[in-house]
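A quick write-up on the structure given underneath.
The values are calculated or read from the model by the stated rules, or taken from the named source; none is laboratory data. Not measured: the values here are computed from a predicted model. Here the Cβ is made from the backbone with ideal geometry for all residues, glycine too, and neighbour counts use every protein chain on show. Accessible surface is based on the protein model in full, side chains and every heavy atom, while ligands, DNA and RNA are left aside. Shrake-Rupley method; radii C 1.70, N 1.55, O 1.52, S 1.80 Å.
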Amino acid sequence: MPSRKYADGEVVMGRWPGSVLYYEVQVTSYDDVAHLYTVKYKDGTELALKESDIRSQSSFKHRKSQSSSSSPSRRSSSRSRSRSRSPGRPAKGRRRSASQSREHKDDKKKTIQETSLALVVVVLFKPSENNTKRYNGEPESTEKNDTSCVILEQKLKPDLEVKRVLEQYSLRSRKDDKKKEEIYSEKKTLVAVKPIEKVPTKTKELEFGGRIGTFMLLFLLPATVCYLLLMCKQDDPSLLNVPPLPALESLWEGRVFGVFLLWFFLQAVFYLLPIGKVVEGLPLSNGRKLQYRINGFYAFIFTAAAIGALLYFQFELHYLYDHFMQFAVSAAVFSLALSIYLYIRSLKAPEEELAPGGNSGYFIYDFFTGHELNPRIGNFDLKYFCELRPGLIGWVVINLAMLLAEMKIHNLSVPSLSMILVNGFQLLYVVDALWNEEAVLTTMDITHDGFGFMLAFGDLVWVPFVYSLQAFYLVGHPTTITWPVAAAITVLNCVGYYIFRSANSQKNNFRRNPADPKLANLKFIPTATGKGLLVTGWWGFVRHPNYLGDIIMALAWSLPCGFNHILPYFYVIYFICLLVHREARDEHHCKQKYGLAWERYCQRVPYRIFPYIY
């Protein structure tokens with residue numbers, strides 16, 4: 001296997017595909033299988049080039065200095081001087097023939113055209129003097145606000161003038177043949193428009209422990225759910241008191257699985273209703289934008305009406321509590337079947353539709369992380385639907401079932417204060433997510449992760465059956481709290497919610513429209529990709545303020561359960577581990593994407609999640 005010639009991070013000269021022009025680029029990675037270098041241009045465009053299309057800067061500059069001595073203008077002057085000393089040259093005052101005069105005019109016109117073309121190329125493609133900064137996304141000025149858009153327009157005016165000159169004056173002779181005309185047209189197109197096609201590459205850096213880690217998670221995640229639910233059923237749910245394994249036949253009931261299927265397809269019907277606005281997601285790797293219908297809040301209202309109707313007709317909702325483990329098993333079986341279907345259909349998906357993090361070529365890893373980025377049946381987006389609908393709304397329904405079960409089991413006329421707090425806090429969280437449904441389109445789950453077992457199991461099993469653990473715990477282990485304690489916990493939850501919502505709103509509004517006058521007070525660091533990194537507001541406080549708000553709310557959800565057992569605090573412990581891991585993934589991707597601009601942002605905002613701690 002030939003060794004690579006250029007190292008990652010090295011600034012070299014790369015030939016633009018289909019042309020003879022070389023530009024300064026930075027090597028970002030190397031594919032050992034295809035023997036291709038992935039390079040980044042100044043405008044953020046990434047392409048895969050062969051080694052033969054790359055040259056070192058020193059050799060390119062040396063060639064340039066040699067070629068400059070034989071530039072069109074010098075060649076023309078050299079030819080004119082040699083003709084003036086030629087013995088066959090007519091005397092100065094001697095009259096030329098008509099054909100000689102025309103030839104001399106044509107030579108002079110070609111000389112002018114060649115000189116103009118050389119000047120235009122120098123103006124358009126003049127190398128930057130500080131290339132290492134611009135390649136890695138480091139801006140010439142550290143911070144900018146929205147007034148930078150005006151400055152950018154002023155800087156683009158000279159380029160627009162050059163473009164106007166190119167369109168006004170033709171740079172080829174009328175007597176050129178058709179082949180030269182086609183070559184010139186192709187070069188002109190390359191100058192005017194740069195393609196954004198990106199050669200798909202295999203996933204090199206495996207997450208979640210690679211193939212072995214993802215294989216173990218396939219069994220560990222379902223086992224964890226079953227263990228937690230069995231622990232909550234015990235009178236003493238301490239860690240040392242391991243629950244007995246239930247009989248296999250008690251874990252499955254066809255009627256329960258039918259109810260789960262009915263719930264899933266009911267939410268699918270609500271998703272397909274032609275209500276709510278249709279918005280576009282973020283651009284994909286091929287530049288295309290998918291459309292999404294935003295009607296999650298309407299689906300929640302219709303679900304609430306359906307549940308209300310069931311309660312009116314005296315349907316006992318605590319059936320969920322009595323068969324809670326069987327519902328969890330049914331959801332796990334369905335998510336596994338869905339994951340198998342998703343992987344099989346992803347084998348026929350085009351390369352540009354595969355997930356950047358789930359295209360490793362290893363079956364177990366791609367099956368777990370998700371091979372296809374946005375699997376759709378017509379306009380029905382499977383990943384987007386499962387992200388917020390069946391599991392998130394089902395979480396609220398399960399909490400309500402636990403509240404009714406507590407009242408029935410303990411003969412209460414009203415639910416306990418602890419149960420009211422847990423239901424109220426988590427209801428606020430779900431309603432907020434559905435009301436701001438459009439914000440999910442900018443999250444890593446939608447833009448980066450494929451739809452495989454990880455998200456299918458997480459959306460359909462982990463969210464509804466683990467996130468409702470506090471309510472499930474309170475049914476069998478009632479906890480009494482005083483009103484002052486309840487008030488303090490409520491204040492804590494409100495603080496976390498305020499940080500979570502305001503931080504997410506700042507980020508989403510800035511991503512959607514950075515030029516919004518309402519965001520004029522926000523400062524940001526521009527990057528080579530065209531996006532900005534906020535350094536004021538919540539995002540100037542810590543790098544992930546939304547994670548900080550999430551963790552504070554998770555703690556507030558667990559506190560109403562008291563301190564007798566650690567089991568109700570599993571959620572907040574797990575959530576801290578999850579967000580720390582996700583933050584590490586974010587850091588890695590952002591460093592690769594933004595380069596030195598991200599390093600400058602980290603210097604400006606040193607704390608990741610917890611201020612002055614982490």
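General observations
- Between the beta carbons of LYS277 and PHE541, assuming R0 = 30 Å, the FRET efficiency works out to 0.40 to the nearest 0.05.
- In sequence order, calculated HN-Hα J values of the range 380-389 (Karplus, 6.51, -1.76, 1.60; Hz; x Gly/Pro): 8, 8, 5, 5, 5, 5, 6, 4, 10, 8
- Set of the range 29-46 residues, backbone N closer than 18 Å to the point 7 Å along the Cα-Cβ line of GLN57: 29, 39-44
- Estimated at the nearest 10 Å², the accessible area of ASP8 is 90 Å² with a 1.4 Å probe.
- With all protein chains kept in place, the per residue accessible area of the range 481-613 amounts to 47 square angstrom at a probe of 1.4 angstrom.
- If you count Lys pairs in the range 207-479 whose Cα atoms are under 21 Å apart, skipping same-chain pairs closer than 8 places in sequence, the total is 6.
- Pairs of Lys in the range 481-613 closer than 14 Å at Cα, counting only those 8 or more apart or on different chains: 6
- Amide proton proximity set for LEU354, modelled H, under 5 Å, gap of 5+: LEU373
- In Å², nearest 10: area of ILE409 left accessible to a 1.4 Å probe: 90 Å²
- Relative contact order of the range 481-613, pairs being alpha-carbon contacts under 8 Å that are 6 or more residues apart, as %: 32 percent
- FRET efficiency for LEU239 and TYR498, using Cβ-Cβ distance with R0 set to 30 Å, rounded to 0.05: 0.30
- Charge dipole magnitude, Cβ of K and R +1, D and E -1 - the range 430-527, Cα centre, debye nearest 20: 400 debye
- With every protein chain in place, the range 481-613: carbon and sulfur % of accessible area (1.4 Å): 64 percent
- Translational diffusion coefficient (Stokes-Einstein; Kirkwood radius from C-alpha pairs) of the range 10-57 at 37 °C, 0.692 mPa s, in µm²/s: 312 µm²/s
- Computed accessible area, GLU51, all protein chains, 1.4 angstrom probe, square angstrom: 70 Å²
- Phi angles across the range 540-557 convert, under the Karplus curve 6.51 cos²θ - 1.76 cosθ + 1.60 with θ = phi - 60°, into 3J(HN,Hα) values of x, 8, 9, 6, 9, x, 5, 5, 4, x, 4, 5, 4, 5, 4, 5, 5, 6 Hz, Gly and Pro given as x.
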